[in-house]
Each structure stands twice: as C-alpha cells, then as structure tokens.
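The values are calculated or read from the model by the stated rules, or taken from the named source; none is laboratory data. Please read all numbers here as calculations on a predicted model, not as lab measurements. We place every Cβ from the backbone using ideal geometry, glycine too, and count neighbours over all the protein chains shown. These area figures cover heavy atoms from the full protein model, side chains too; ligands, DNA and RNA do not enter into them. Shrake-Rupley method; radii C 1.70, N 1.55, O 1.52, S 1.80 Å.
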Amino acid sequence: MKCIIYDFRRAITGRWFLVAFFASVASLYMSIGDQSYYLMNMLSEMEMYEDSFWLDTASLLLQGMQGNFGVMILPALSALPFAAQALQEIKSGAIRPAVFRVGRRSWIAGKLLSTFASGMLLQIAAAIGLLLVFHLMMLIYAGELFPMGDFAPVWAVLLRRMFCGGIWAGVGCLIALITETTSAAYLAPLCLCYAMVMIGTRFFPEAILLNPSNWLTGAFWPLLLVLIVLMTALAWMLRKKVNAYV
C-alpha cells in the first residue's frame, strides 16, 4: 500500500505534473478562441462594459474544454506526468530492487493506478487553474470576482475529459512498454489522436467515436469501457515486463 501511495504522490506532485498543469491551463485558454480577445477588450474597458458584461466563467470554461486545440494537445499533456515512469524504472534497473522490496503486485498496482490517476486529475487541476486565471484577471481589472454562470453542462464535459486524460495516459504507457521507447509515452498518444481525427473527419465521418473530438459529447459508457479495457491490457503488459526483468 505504501508503494501505491508513494507512486501516486510522485505522479501528482512531480515537476512534470506541474509542467503539464501550466501547459494545460494555457491550452484551455487558447482553446477559447475569439472569446479570449473579447475578454481582454472588455476587461481593459471595464467601466464601459460594466452594465453589459455578458461573459461568465462557466461558458468560457466549457468553450476551452471543447476547443479543438485543447482536444488535440490533451493526449500528450495527459501522458506527461507519469506514463513513462514504468519504462524508465525498467530501463534503469530500478525495477528489480523495487519489486523485491514491495512485491510484484504492489509495484504493478502503483504504476497502473498512478498513470491513469495522473492523467485524469490533471484535467480537474487544469479546469480549476483556468477558473483562477479568470478570477485573477477580473480582480486586477475590476476588483471583483468573475461572474460564475451555470455550471450544470460543465460537469459532464469535465468528466469526459477526465476519462480522455486517463485513456491517453494509459495509451502512452502501454505503447512505451511495447516499443521500449521513452519518448513514445508522449508522442504516441499525440500522433494517434491526430491520425484518428484525420481518418474520422475525412474518411469515416459517420463513425463518431473514431474522432477524439467527439469524445467530449455523447454517452459516457464507451469511454468507460475503453478505460477498463486499457487498464486490463496495461496491467497484463506490466506483469509481463516484471516477469521478464525481475
């Protein structure tokens, strides 16, 4: 159990999680699109728009989470915190003393849960970070908090982004272990996402789930099913690597 907690703490407090966090907040803001320009103009002339300020954090956050740029970069950022950790320990030889100290199951469970959890929790952290950015901007320009708006539609999209973050982190870890290439943990999810978007858009537009841009809408169960299958496959691959290197 201590091994699992240790891996989880490393996954969400490490430097790469912080890098992914700031990059994710920036990508969400950039995904807002034209609204970001309207926002800056309205804040810089707050006295003029004080009675007709129509933007709110809920609508801006929703746009950011569903924007194309944020969807395209989400795979690489989700895999950045911890997807390569298992392979790094294997290649460095640290897996042998670690497994002898904590046991095979604990080592596998720690890497498995931390990989998926880091990708999922990153989405929550990024959403909170963007909200803080909005409030900070409003405090600087107007001395008050940003209007909140209706968050009812935001929760469903945020949950889907969490599933997507876990999926892409798992994909990165799995492909890195298969190819035994550390950089594949970050590049493979990004390339796979881009390929799926291109194929789904140009050749199979009727196959909605083939295009990752559509994963943020629709039913939850396909994403949950993919997540479960991916966790099973990654657990099997981690066990295979442990048997091979220990």
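Remark: pairs (first residue in the range 224-246, more than 20 Å from residue 92 (Cα to Cα); second residue loosely packed, with under 13 Cβ neighbours inside 10 Å and not hydrophobic (A, V, I, L, M, F, W, C); Cβ separation under 9 Å; 6+ apart in sequence or on different chains) are absent. Scanning the range 19-54 for residues that are open to solvent by 90 Å² or more (accessible area, probe 1.4 Å) and at pLDDT 90 or above returns a single hit, 22.
Residues in the range 71-89 include none that are surrounded by fewer than 24 Cβ atoms within 10 Å (Cβ to Cβ), among the small types (Gly, Ala, Ser) and free of Cβ contacts under 8 Å to residues at least 60 places away in the same chain.
For the condition under 30 Å from residue 55 (Cβ atoms) and open to solvent by less than 20 Å² (accessible area, probe 1.4 Å), what is the one hit in 216, 177, 159, 145? Steps first, answer last, please.
Details: 177 fails: under 30 Å from residue 55 (Cβ atoms); 159 fails: open to solvent by less than 20 Å² (accessible area, probe 1.4 Å); 145 fails: open to solvent by less than 20 Å² (accessible area, probe 1.4 Å).
So the residue among 216, 177, 159, 145 that is under 30 Å from residue 55 (Cβ atoms) and open to solvent by less than 20 Å² (accessible area, probe 1.4 Å) is 216.
Do the conditions hold for residue 110, that is, is it open to solvent by less than 50 Å² (accessible area, probe 1.4 Å) and more than 25 Å from residue 234 (Cβ to Cβ)? Against the criterion (open to solvent by less than 50 Å² (accessible area, probe 1.4 Å) and more than 25 Å from residue 234 (Cβ to Cβ)), residue 110 does not qualify. Scanning the range 192-209 for residues that are surrounded by 16 or more Cβ atoms within 10 Å (Cβ to Cβ) and of a type in the set (A, V, I, L, M, F, W, C) turns up 192, 193, 196, 197.
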